[in-house]
């Protein structure tokens, strides 16, 4: 097969999910790099194998689970050979040969031959009516049998076996599940959860033969029954073998590629032959083989990256989680839950509600999780597990779920996602209903949260419904859905995570954005609206005195120093120190508001005044007038120190224990102008009545008679979270030091756009205490770095612009009538 | 075609934009990192957000209101979004930026030598 051009040839053997996902990832990176040929042994296009269970249960049709039809391949110039099994790989001449003689030469070969079901070689296993549960062909055979026959036996009480049994039962068959072990799904469930699962399935009419070993499959031509080693028998017109899968390595082995249990690959998904890659269930990576879909996605991404010759991704193995795709049964399992003398168990059981949760902790981290009946928090536990987040601080509420870790916003709704009607609104920002999301998922074959966001906008704004959207995705896709990859890149421009980028900036002394792009192999010439603001912040935080802030990498609010409104006007919020003002200041604000015809004047929640609806060209002059009255920018638009809210304190209040107002003003004077990963709010309350609501701020001070309590990590917005108590100090000087040190630690440690609340939940309060409270030297160093950065940060951006800085930002161009060059008239 | 002298190229910041007052509303004039210029009606096809205020990256701009990403060449929304804003012919000669606003008042087919105008709008 000659190609008409000089492009290198990529041949894919295996038209399944892993191989085609790799091709799709490759097309995203370099759509025209290869001349691509795909061989598939099955006679149809690429389909979603994980959805075979719903097809068997008649919850979906075969058409619905097709991923790519013939037209898809044609549109992308991909040659597809359906129903052609490759018989031989000729590595010397770099070509593959199919059973029917079709040949294709390759420069790069991608093996994605998947796995084969294990058929136990007991007598009778070749009788008619004995099938595996692996492909559309098997499902067709099972559906046909269910129409003509009554008794089914499923051998294997694992994930696949139970899904098959459930499907057959839904087709009206009487189903007996035979399992070698004495409890179901022993690789995913402990005995307790397995018992509850069995009880629930028995209630639905499924029968079980536990601890039974099959001796013979009975029958002449067609199967009639199964006999066990204990001599007992059961009738059967259909026997489904679902005892496991085995990586399909036959082709690779015959070509002399190194195989063990699977085709052995390195971290770049390359086999022992450098021109041959392999992905999916056929591979063995660092000793592990995988049969779930999430690891395949990660492998596909890495492999595509190397096929595109970017050469930067590494696959480091996957931690997997499992959910059972049986409607009405919620079951989640992840990690290692066997436990030993070095582990601890947290167990919750409510038999009447059918809920069981067990977390296995080791070294203060989650090592394994089994959830039955209430799996809402499965993805949260899984995330904690993968991030190796210390859980000591949240341990007392851990089993009750994320909703009980300070979140009073959405937890309760999420538990009802599956039962929600289609018209239920999921995303309140963008008005997206459950039905729209479900439809988009099936119509556009979406698999990830990012896909759903792109297509529906759900959870694309404030993000508070992310958990709900993930639940919808999980219930729609079924069990193998796994939320995010273990390592999340900053954006599509890079494969590096926030933490990696940050580490590289300090370690390699990268001081410009271009240096970051080059050192970290950015895929785009100048980033995008997601990564550039993040990089700008990281560079600024790392090199406060060396880095030249890049206005074009800031979101418009921080570039124009006002908040953009829906009609393109801006809002102006002058800083009002500690919320204390004077008649003269109020008069000045009133005059400015009238002079510039400000349509709306409003008090903010942060004890300041918001002038809304200002036309952009008016901003510099307004700032000049406000500046003349002593005002500076309130940074109400920035990922920066916002306000310090105060109550009146001991100066006026009969309950006040300290001068909360004065302390608030001191804090605001010290911290204003500092850029932070996300907005940063403070408050000082004069007594434990806490009128300044200090316990929902990023840093809150609650004055008591004997000193000052410091509270951190609160949030009153998207997700309400009360602060954690950090420590108590005795003097105002100490408050300032702790506040500065805390802000600096947050500035240096949190990811861009991560508020203090999720940051502390991620890294653990203990870590913050260790660095700030227990280690006086480190606290002093953090405080010193904060003050050093403030030396250059405390320049009023409004005064600069009122004096003419960055005038191009504010003044439109007036075109000159067809005249030759006259420059700008402004 | 009727080319209007707009401004020297250096008056538009690289990876930035300026606003030009057109006869039927604002026009956003963009400059890429490699000094190419593009002109779009300053209205996102989504909710009319001012594209001139967005972050410019590659040959695209991200709307400041809801992060739609608009192709500077065609004015079309990228990714899963769909919609289009009017693109105007624009060019640079000897460091001077020229804009053709004839399409701002009439939907003419335009000079084929100019930057292609991929989508039209009424009025």
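Listed by position, the strands (runs of 3 or more DSSP E) contained in segment A:306-373 that have at least 2 residues being crowded, with 23+ Cβ neighbours inside 10 Å are A:321-323, A:331-335, A:355-362, A:365-372.
Do we find that residue B:118 is within 17 Å of residue B:20 (Cα to Cα), modelled with pLDDT under 90, in contact with a strand residue (DSSP E or B) (Cβ under 7 Å, 6 or more places away or on another chain) and more than 9 Å from chain A (Cβ to nearest Cβ) in this structure? In short, no. For segment A:521-535, the criterion of being free of Cβ contacts under 8 Å to residues at least 12 places away in the same chain, under 30 Å from residue B:33 (Cβ atoms) and outside any loop (DSSP other than H, G, I, E, B) is satisfied by no residue at all. Selection of segment A:515-537 for residues being at the interface with chain B (Cβ under 7 Å from one of its Cβ atoms) and surrounded by 23 or more Cβ atoms within 10 Å (Cβ to Cβ) yields A:527, A:532.
The set of residues in segment A:26-68 being at pLDDT 90 or above and within 24 Å of the chain's Cα centre (by Cα) consists of A:26, A:27.
Do we have residue A:734 as closer than 30 Å to residue A:532 by Cβ, assigned to a helix (DSSP H, G or I) and at pLDDT 95 or above here? Taking the combined requirement at face value, the residue does not satisfy it. Condition check for residue A:141 on (1) within 26 Å of residue A:248 (Cα to Cα); (2) buried (at least 16 other Cβ atoms within 10 Å of the Cβ); (3) touching a residue at least 12 places away in the same chain (Cβ under 8 Å): one failure, at (3).
For the condition assigned by TED's automatic domain parsing to the domain that holds residue A:718 and either crowded, with 16+ Cβ neighbours inside 10 Å or part of a loop (DSSP other than H, G, I, E, B) (or both), residue A:607 does not qualify.
The set of residues in segment B:22-57 that are surrounded by 18 or more Cβ atoms within 10 Å (Cβ to Cβ) and part of a loop (DSSP other than H, G, I, E, B) comprises B:32, B:42, B:43, B:44, B:45, B:46, B:49, B:50, B:54. Examine segment A:575-582 for a residue that is outside any loop (DSSP other than H, G, I, E, B), more than 14 Å from chain B (Cβ to nearest Cβ) and in contact with a strand residue (DSSP E or B) (Cβ under 7 Å, 6 or more places away or on another chain), and state whether such a residue exists. Yes, there is a match, as at least one residue in segment A:575-582 is outside any loop (DSSP other than H, G, I, E, B), more than 14 Å from chain B (Cβ to nearest Cβ) and in contact with a strand residue (DSSP E or B) (Cβ under 7 Å, 6 or more places away or on another chain). Only one of the numbered conditions (1) modelled with pLDDT under 80; (2) closer than 28 Å to residue A:723 by Cβ; (3) touching a helix residue (DSSP H, G or I) at 6+ places or on another chain (Cβ under 9 Å); (4) not in a helix (DSSP H, G or I) is not met by residue A:413, and that is (4). Taken over segment A:538-559, residues that are within 14 Å of chain B (Cβ to nearest Cβ) and part of a loop (DSSP other than H, G, I, E, B) amount to 5. Identify all residues within segment A:561-574 that are within 14 Å of chain B (Cβ to nearest Cβ) and either in contact with a helix residue (DSSP H, G or I) (Cβ under 6 Å, 6 or more places away or on another chain) or buried (at least 23 other Cβ atoms within 10 Å of the Cβ) (or both); write none if there are none. Within segment A:561-574, A:561, A:562, A:563, A:564, A:570 meet the criteria.
Residues are listed down the side, and each one gets a yes or a no for (1) facing chain A (nearest Cβ under 8 Å); (2) under 13 Å from the mean Cα position of the chain (by Cα); (3) in contact (Cβ under 8 Å) with a residue 60 or more places away in the chain:
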site	(1), (2), (3)
B:47	yes, no, no
B:53	yes, yes, no
B:58	yes, no, no
B:72	no, yes, no
B:78	no, no, no
B:90	no, yes, yes
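The values are calculated or read from the model by the stated rules, or taken from the named source; none is laboratory data. As the structure is a prediction and not an experimental result, all values here were calculated from the model. Heads up, the Cβs are rebuilt from the backbone with ideal geometry, glycines too, and the neighbour counts pull from every protein chain shown.
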